[in-house]
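Okay, structure first, notes after.
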Amino acid sequence: MPEHLLLDSLNQQQRVALENIDAPVLVLAGAGSGKTQLVTYKYAYLYSSDKKKYGTIMAVTFNNKAAIEMKERITYLLSEDLNNTWIGTFYTLCNRILRQENNLIGLKGDYVIYDVDDQCRLIRHILNDMKIYEALYRGIASKINCFKSTLLSPDDLISSSNNFDFDEKLLKVYVRYQDEMKRSNALDFDDLIIYTINLFLQHPQVLQRYQEQLSYILVDEFQDTSFAQYHFLKLLGCAKRTILVAGDDDQSIYKMRGAENENVLNRFETDFPSTKIINLKQNYRSTENILRVSHSVISQNKCRTPKELWTNRGIGEKVCHYWFMTEEEEAKYVAKNIKDLYLKGSYSYDDIAILYRVNLQSRVIEEALKNERIPFKIIGSACFYQKKEIKDLVAYLKLIVNKDDNVSLRRIINQPPRGIGINTLIKVENEAKREGISLYKTIQQMTQSKGLTGAVKEKLNGLIISLEEISSHEINTLTDAIKLIGSYIGYIETLDECSLNNISELMYSHGKTPLDVFLDTVSLTTLNDDLVTRGYVSLTNLHNVKGLEFAVVFITGLEDGLLPYFKAIDTSEDLNEERRLFYMGMTRAKDILFMTGAKKRRLYAKFQDQEPSRFLKDIPKDCCFWVEKKAVPPSPTSKLQIDKTIPMELPYNTGCRVKHPKWGIGVIRDCYGEENDIKVTVNFPNVGIKRLALKYANLERI
């Protein structure tokens, strides 16, 4: 796209940010104000203006899905394919640097990457070995991630912990965790950044090379940058100062992951003098009422950059707040409204999202949606690569390239069952710990010495021989590796049809991918990378909605203890983050915003009386529609009325295609009723939505 067309597509403030290329640029962009579009257009603008000077631009986004979309949009704008681009997350970009410089980082070139599941498995193993309550593993994983995101190593903590409040057990777990990672020749997500920073500091010539290679740096969602990530950016960008960062301090919601809100303003301005600050205040997403309600909430945060967004989308419908007696009533109301919106033809299911603060809220909502026969998908609950058979297969693949990977070996040592008992595993673990070597090398040594019975040696040696045989072959692609596993390991033969279909899908999608590339891709894939919900209502917690937008949004569970969360009300800083979380959820809505809560809710295995969220007091009454449902006294005969009816199987499912003799082909939107009075709602492309009695409609299934 020519430069003048790029400029014509932007407003005045965006144009200033686009054309300013000689000084650092800090873009303070409100929700829905087009900061991602600006980053994309800036890339295209620089590249198209001078390919020789701006041939290599680094663009950092917040997840892999956003990186793919950004590359696609830039490719469309430039009308040419961009090969080998530096577009990705902090983790994918740092991994690329480490792979290129593997001879300088103190690790073998075949290191593997541990995803969140691998990390948690390792921590659980350590806790179990240290006789510490294993259920604490998630909290400890979060603490270790926070230490790493602030570049605090175990040695740093030991030297700085001069108070008696420091958790010595946590430090011991951290030390053991780092030792296990080194023994396994593995890196977790934060290690990718730490090792890259250390590479740059220990080898200035390498840093200089990348500073010269990367002509410009673009960063989206800068407000959620951790200290380590910012340090990485500072090292790369301080020489030329050709850097643009875009973010919104009102949407900083990842403090628990080590994000530092002050990066957006103070730190960047200090480290990059003569920074040009540009404010984007025009919202292209939401209506005036939604913006007024969301602003009334976020404006209560004192430590923020004052900004009030405006839109030309009109006033729009009032924001609705409903307070119910029970969570079941709340869920039924949400499901019924979604069904009504769909049947009216106003919105499709994928235009609608239901948001909540904690995942356990989804249970009752899922039941209500199922009762209304509404298709839905839970975002962030599962990932294709986290399915058991895929994780098992990936563990075998990791062992092919890195025999020292202890987490993967523990996973597959009895997959398929080999009859290797717990006592044998304990012996192997103890010997590996004593020798300071990996489990694989330990098994190799133990099968050649005394101390194990002949049957046990045979079982262990069988696994080692199989893996060695596979590794001896030339492996170019994922397909090559899977075929070898199928030939030498009996695992694939044990899978059911569904699991085999997943393996087939994996081979279809990535079969020709080089094995090392595939392993990096699958390890760096997160739960939030799979966000496509076409034909489904989206359900997700508020932390997962960054970068998303929906025509209709339901925010459920607006109760003190849930939003704000009961663990985040002790300090004003934590409460401010909860308010930002609520604000981000509200600003996902384009047309309609519903907010709901319930007086009684089952939380953590018991029913609790809830109070409306304190955030609701900040909302002006004139732009919100308030309804409170009262309890209805039971009638004297209600206890005697028992519904014994059996649900009837209806002839058509939602989405089924049918043919009408007059209106042609249509799609079933709903089928309801009983026995001889079944009705259908059909969407005919040429005539619109029709509600028909099935016995008179003369429909033909296609």
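The values are calculated or read from the model by the stated rules, or taken from the named source; none is laboratory data. What you are looking at is a predicted structure, and each value in this text was computed from that prediction instead of being measured. Cβ coordinates were reconstructed from backbone atoms using ideal geometry, including for glycine residues, and neighbour counts include every protein chain displayed.
Within segment 545-564, being touching a Leu at 6+ places or on another chain (Cβ under 7 Å) and among the small types (Gly, Ala, Ser) holds for one residue alone: GLY557.
Restricting ARG304, ARG363, ARG357 to residues that are crowded, with 20+ Cβ neighbours inside 10 Å and charged (D, E, K, R) narrows the list to ARG357. For PHE594, are the conditions met, namely being within 37 Å of the chain's Cα centre (by Cα) and at pLDDT below 95? No: the conditions fail for PHE594.
Please go through segment 331-348 and pick out each residue that is touching a strand residue (DSSP E or B) at 6+ places or on another chain (Cβ under 6 Å) and either outside any helix (DSSP H, G or I) or surrounded by fewer than 16 Cβ atoms within 10 Å (Cβ to Cβ) (or both). Listed by number, the residues that qualify are LEU343, GLY345, TYR347.
Contact annotation: residue pairs with Cβ atoms under 6 Å, 6 or more positions apart or on different chains, pairing a residue in segment 308-329 that is touching a residue at least 12 places away in the same chain (Cβ under 8 Å) with a partner that is aromatic (Phe, Trp, Tyr), are LYS318/PHE625; CYS320/PHE594; CYS320/PHE625; HIS321/TRP626.
So, THR75, is that one surrounded by 13 or more Cβ atoms within 10 Å (Cβ to Cβ), closer than 19 Å to LEU18 by Cβ and not hydrophobic (A, V, I, L, M, F, W, C) or not? For THR75, the condition - surrounded by 13 or more Cβ atoms within 10 Å (Cβ to Cβ), closer than 19 Å to LEU18 by Cβ and not hydrophobic (A, V, I, L, M, F, W, C) - is met. All of ASP110, ASP156 fail the test of being more than 24 Å from the chain's Cα centre (by Cα), farther than 30 Å from TYR47 by Cα and buried (at least 16 other Cβ atoms within 10 Å of the Cβ), apart from ASP110.
When every residue of segment 8-21 is checked against the conditions, none turns out to be over 27 Å from PRO273 (Cβ atoms), of a type in the set (Lys, Arg) and out of contact with any Gly (no Cβ under 6 Å at 6 or more places or on another chain). Inclusion of GLY247 among residues that are surrounded by fewer than 24 Cβ atoms within 10 Å (Cβ to Cβ) and touching a residue at least 60 places away in the same chain (Cβ under 8 Å) is not warranted. Reported count of residues in segment 415-427, each being farther than 18 Å from ARG124 by Cα and surrounded by 13 or more Cβ atoms within 10 Å (Cβ to Cβ), is 6. The set of residues in segment 262-307 that are within 28 Å of HIS231 (Cβ to Cβ) and polar (S, T, N, Q) comprises ASN263, ASN266, THR270, SER274, THR275, ASN279, ASN301, THR305. Just to be sure before I move on: is LEU575 farther than 30 Å from ASP110 by Cβ, assigned by TED's automatic domain parsing to the domain that holds ASN337, among the hydrophobic types (A, V, I, L, M, F, W, C) and in contact (Cβ under 8 Å) with a residue 12 or more places away in the chain in the structure I sent? Judged against the criteria, LEU575 is not a match.
Looking across segment 52-72 at every residue that is within 11 Å of THR40 (Cα to Cα) and of a type outside the set (A, V, I, L, M, F, W, C), the one that is surrounded by the most Cβ atoms within 10 Å (Cβ to Cβ) is identified as THR61.
Here's the yes/no breakdown for (1) part of a helix (DSSP H, G or I); (2) at positive phi; (3) assigned by TED's automatic domain parsing to the domain that holds ALA67:
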residue: LYS169; (1), (2), (3): yes, no, no
residue: GLN178; (1), (2), (3): yes, no, no
residue: PHE200; (1), (2), (3): yes, no, yes
residue: LEU207; (1), (2), (3): yes, no, yes
residue: GLN211; (1), (2), (3): yes, no, yes
residue: LEU218; (1), (2), (3): no, no, yes
residue: LEU233; (1), (2), (3): yes, no, yes
residue: LYS240; (1), (2), (3): no, no, yes
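When we screen THR442, THR494, THR447, THR479 for residues that are among the hydroxyl-bearing types (Ser, Thr, Tyr), under 21 Å from ASP392 (Cα atoms) and surrounded by 17 or more Cβ atoms within 10 Å (Cβ to Cβ), the only hit is THR479. On the basis of being touching a Ser or Thr at 6+ places or on another chain (Cβ under 9 Å), under 30 Å from VAL537 (Cβ atoms) and buried (at least 17 other Cβ atoms within 10 Å of the Cβ), does ARG373 make the cut? So ARG373 does not fit the description; no. Looking at the structure I just gave you, is LEU18 in contact (Cβ under 8 Å) with a residue 40 or more places away in the chain and either under 29 Å from ASN95 (Cα atoms) or in contact with a helix residue (DSSP H, G or I) (Cβ under 6 Å, 6 or more places away or on another chain) (or both)? Against the criterion (in contact (Cβ under 8 Å) with a residue 40 or more places away in the chain and either under 29 Å from ASN95 (Cα atoms) or in contact with a helix residue (DSSP H, G or I) (Cβ under 6 Å, 6 or more places away or on another chain) (or both)), LEU18 does not qualify. Residue check: is LYS457 assigned to a loop (DSSP other than H, G, I, E, B) and either over 15 Å from ASN402 (Cα atoms) or free of Cβ contacts under 8 Å to residues at least 40 places away in the same chain (or both)? No; evaluated as a whole, the condition is false for this residue. I'd like the full set of residues that are touching a residue at least 24 places away in the same chain (Cβ under 8 Å) and surrounded by fewer than 20 Cβ atoms within 10 Å (Cβ to Cβ), limited to segment 545-571. The answer is LYS546, GLY547, LEU548, GLU549, ALA551, ASP560, GLY561, TYR565.
Name the single residue, out of those in segment 1-18 being part of a helix (DSSP H, G or I) and at pLDDT below 90, that is surrounded by the most Cβ atoms within 10 Å (Cβ to Cβ). Out of the qualifying residues, it is LEU6.
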